[in-house]
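To start, the structure itself, in structure tokens.
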Amino acid sequence: MESTECVRVAVNIRPLITPELLNGCTDCITVAPKEPQVHIGSHTFTYDFVYGNAGYPCSEIYNHCVAPLVDALFKGYNATVLAYGQTGSGKTYTMGTNYSGDGTNGGIIPNVMEDIFRRVETTKDSSELLIRVSFIEIFKEEVFDLLDSNSSALLKNDSCVQAKHTALSRAPIQIRETASGGITLAGVTEAEVQTKEEMGSYLAQGSLCRATGSTNMNSQSSRSHAIFTITLEQKKIASGSCATTEDGGEDILCAKLHLVDLAGSERAKRTGADGMRLKEGIHINKGLLALGNVISALGDEKKRKEGGHVPYRDSKLTRLLQDSLGGNSKTVMIACVSPADTNAEETLNTLKYANRARNIQNKAVINRDPATAQMQRMRSKIEQLQTELLFYRGDSGAFDELQILKHKISLLEVSNRELQNELQERRVTSEHFSKRAYDAQVEKDKHIMIIESVRNGKSLDEIESCQSEKYVSKIQELEGELLHIKSLKKTSNHQYLDDSYDDGTRSNNVLLPSSNESSDCEDKVIDVTVKGTLERKKVTKQARLSKPKGKKNKLVKDRIFSEDQSLVILQEIITFHLVKGKTYKDDLSGFCDHLKPKIIPCQPTEAQVKEKIMNLRKKYKKVTSFVTRGENGEDESVYPQDFQLWKQIWGDDGILPYKRRG
Ligand SMILES: Nc1ncnc2c1ncn2[C@@H]1O[C@H](COP(=O)(O)OP(=O)(O)OP(=O)(O)O)[C@@H](O)[C@H]1O
């Protein structure tokens, strides 16, 4: 934000002082009532403010002229208060540059200190503040540091006079110009201060070191131009519109308040200066002349519009005040004048200069410290890049999280393996219990048989001695028979079932039907072994060609029963009979339900089971005939009791296959 405004000018008319009164001086200035206007002789000048001699009281200078500049300082604007006037006109008195720190001195600078630290208290929660002070003087056209540590060391030794003397021999400070055109002082002390008292101590130290001397016009005449500079850096820390700049950087403001107490213009004839004082006076006047020329150049509207030259470089004073006059600053000039008629000519000159200064236009801008702001942005960028680097290196929280997840996965994999092992163990246990359940079922069947026998009127002794034992042994024999059949199937080389194999190979399968049973012709061409390892298809080309299509379909159907399943069916027929007391014929549907869980892979229909049973019956009949005839020559009637049981199971034409062993 740029603010173009003229230098504001106030006139401070001190009262007549004792020497003037003693000399019978009278007031040569009058102030227009309720107007910032002064009259001197035939001249009338209007200013922004007029203090003293019936104008505003001097105590109001701070509130009217300086407080707004302190306010601007906190907003980031540079500001200058410049006291100008002839020697003895009250500049030092007005500025308070003769500050001793004991509370006896007033003036603008002590009020500024008070005001600044009062504002610091109210803004410290929203801003980080850094306050520095510097104090320099321009003495005989050289710049000196009034806060130089050598001076302060001498002051501690209570050698004020020596300090001032030493100050004269100090090395001057060089003025430097920055790339942006700003003016800096190389190596000047910029003391950081935290409190008003601290700042006051630096003001007092510098005031004591400042070159003063006694003249006829002023017993404590300032022989140098003094500039007390307060630098305020602020970083907004509260949220809000001022917290960040448009480019996203932090809002860091850096502004300076220059408080200038000029040496007074003087006439050697009146001051009585000679020798050293005369030389001082010449330098003072030279600097003030340069200032006057700058003010004239800036104050002349025509020259200003033409872009005329402003002679800032003609003196150190004007170089240092370059920004304050016609530059980046809000400036108030306080023209101090003596009302004594003896000083009327000097006062008129001062008033003329002051009036001209009112035409000076300044362009104040808020000073955001570009270097600091840029540094802050770069620091933020570095932090961001460091965070990213840590992430990609794997040092970040995300990497740790990834490692934790990997660890969890490995733990879950171990847990999964353990659960699989446990599942396997439980399967084994389950099979064990299934076997025990089966044994229990057999036991239960045995007891059912005993109960039925008892119901049929048999004594327990008989049952125990005969029936029970016989049935149990019968079951065992039946099981043995089935095993034997398996054995026969594997070992027999006799062709006793089928003579029609075209390749002459003898079938090992005792369950194959004979060739003369047309209903079982499909069994002639299929030989399915118990384990499936010897599965072979004995299909002759001739037989295949001779088979009608309907029979072929039937053959396919019969393949759904493996040889193992055939044995299971035989076994279950017996079990079904013993447990239910029924034959499969009586309850084919019930038998199928009983059978299906045992031959789950097939899931045969009732018709398929029925057909299979018919085939099995014929096979067993054949086998039994062969065994009985071939081995023992016995007739099945030899075993009438068992035969009856077998008939119950199979039906009327049942046989006793297990009897073949004799
Ligand atoms: N408003 C005032 N009321 C009373 N006394 C004043 C006032 N202003 C200045 N004086 C007195 O006038 C004398 C000269 O003042 P001061 O030293 O401030 O003048 P100066 O302009 O700084 O002079 P120089 O340029 O020689 O340093 C001092 O004795 C001071 O006490």
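The values are calculated or read from the model by the stated rules, or taken from the named source; none is laboratory data. Since the model is a prediction, treat every value here as computed from it, not as a measurement. Cβ placement follows ideal geometry from the backbone for every residue including glycine, while neighbour counts extend to all protein chains displayed.
Points to keep in mind about this one:
- Pairs meeting the criteria (first residue in the stretch 17-31 and over 29 Å from Thr46 (Cβ atoms), second residue part of a helix (DSSP H, G or I) and within 14 Å of the ligand (Cβ to nearest atom), beta carbons under 6 Å, at least 6 apart or on different chains) are lacking.
- Search result, residues across the stretch 166-197 that are among the polar types (S, T, N, Q) and modelled with pLDDT of 85 or more: Gln174, Thr184, Thr189, Gln194, Thr195
- The residues of the stretch 1-39 that are polar (S, T, N, Q) and within 30 Å of Tyr77 (Cα to Cα), listed by number, are Ser3, Thr4, Asn12, Gln37.
- Scanning the stretch 1-48 for residues that are of a type in the set (Lys, Arg) and farther than 14 Å from Ser338 by Cβ yields a total of 2.
- The lone exception for Ser453 - which of (1) closer than 22 Å to Thr575 by Cα; (2) without any contact (Cβ under 8 Å) to a residue 12 or more places away in the chain it fails: (2)
- Scope the stretch 335-367; condition under 21 Å from Asp48 (Cα atoms), in a helix (DSSP H, G or I) and among the β-branched types (Val, Ile, Thr); matching residues: Thr347, Thr350
- The residues on offer are Leu21, Leu16, and the sole one that is more than 55 Å from the chain's Cα centre (by Cα), outside any loop (DSSP other than H, G, I, E, B) and either within 16 Å of the ligand (Cβ to nearest atom) or loosely packed, with under 14 Cβ neighbours inside 10 Å (or both) is Leu21.
- Screening Val9 against (1) more than 15 Å from the ligand (Cβ to nearest atom); (2) assigned to a helix (DSSP H, G or I) leaves a single unmet condition, (2).
- Pairing residues of the stretch 186-208 that are closer than 21 Å to Lys316 by Cβ and touching a residue at least 60 places away in the same chain (Cβ under 8 Å) with residues that are hydroxyl-bearing (Ser, Thr, Tyr) and surrounded by 16 or more Cβ atoms within 10 Å (Cβ to Cβ), at Cβ distances under 8 Å and at least 6 apart in sequence or on separate chains, gives Ser207/Thr97; Ser207/Tyr99.
- Listing of helices (runs of 4 or more DSSP H) fully contained in the stretch 44-127 that carry 3 or more residues being within 10 Å of the ligand (Cβ to nearest atom) and at pLDDT below 95: 91-95
- Exclusive hit being crowded, with 16+ Cβ neighbours inside 10 Å and within 29 Å of Phe144 (Cβ to Cβ), set Ile295, Ile282, Ile366: Ile295
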